[in-house]
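Participant: The structure's right below; bear with me while I get my questions together.
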Amino acid sequence: MNNSGEANELFFFWILLDERLDEIYYHTAAKFAERGIKLLPIKIDQVSRLAALSESGHVTVLCSTRSGSQYAVFNKRVAPLLSMLLRQERLSLFHFSSFQKLDYGAKTFRQRNYFFLKYPLNLETLCDKLKRFHELRLNRARVWPGGRRAKVPGLAA
């Protein structure tokens, strides 16, 4: 909450793979806007800085690869950064693609923050699920990591 009593705005980020935005960005941004979420485009080189400078501690990033040229750029420039960023758990990447999922080999079990979704997508359902994902992530961040105090049966509390 900020000083005026309003809730903080919620931002998701969209990785730009081309010089111009894809039409799916505009459709997705409109669906998120209906739910009070802003979808901001960012360049590939800004992703690691964004994760490092984030005040909330966790960033939700979306990326779409619908064409072969976008997939080539994704594999060449984005995929090498992901291994490190996803291991730090400061970033969750939702990758929408009509191609295959990234293969991390033996490291796959560690990649709990990489979500692959195959086209075609239902944007209504997707936006609702991503908003719920973010809410659950925030609630989990607020939970005390310690556990509960031990109690001895038969003694007064």
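Participant: Any of 43/76; 76/131; 31/118; 43/118 with alpha carbons more than 25 Å apart? Name them for me.
Facilitator: 76/131
Participant: May I pose another question? Order of 73, 152, 61 from fewest to most other C-beta atoms within 10 Å?
Facilitator: 152, 73, 61
Participant: Let me ask something additional. Go ahead and run the numbers for FRET between residue 34 and residue 83, Cβ-Cβ distance against an R0 of 35 Å, rounding to 0.05.
Facilitator: Efficiency, from the Cβ-Cβ distance: 0.55.
Participant: If you put +1 on each Lys and Arg Cβ and -1 on each Asp and Glu Cβ, how big is the dipole of region 10-136 around its Cα centre, in Debye rounded to 20?
Facilitator: 360
Participant: Also: If neighbour count is taken as other Cβ atoms inside 10 Å, put 58, 95 in order from fewest to most.
Facilitator: Ascending number of Cβ neighbours within 10 Å: 58, 95.
Participant: Give me the distance in nm between label points sitting 7 Å out from Cα along the Cα-to-Cβ direction at residue 128 and residue 27, one decimal.
Facilitator: 1.8
Participant: Let me ask you something else. Set Lys and Arg Cβ to +1 and Asp and Glu Cβ to -1, take the dipole of region 10-136 about its Cα centre, and tell me which of 80, 60, 97 lies farthest positive.
Facilitator: 80
Participant: How large is ³J(HN,Hα), in whole Hz, for each residue of region 37-47 in order, when computed from phi with the Karplus curve 6.51 cos²θ - 1.76 cosθ + 1.60 and θ = phi - 60°, using x for Gly and Pro?
Facilitator: Each residue's phi maps through the Karplus curve to give 10, 9, 10, 10, x, 9, 7, 4, 5, 8, 5 Hz.
Participant: Seen from all sides and averaged, what is the projected area of the convex hull of the Cα atoms in region 10-136, in nm²?
Facilitator: Its average projected convex-hull area is 7.4 nm².
Bear in mind that the values in this text are calculations on the coordinates, not laboratory data. Everything numeric here is computed off the predicted structure, so don't read it as measured data. Virtual Cβ from ideal backbone geometry, glycine too; neighbours counted across all protein chains shown.
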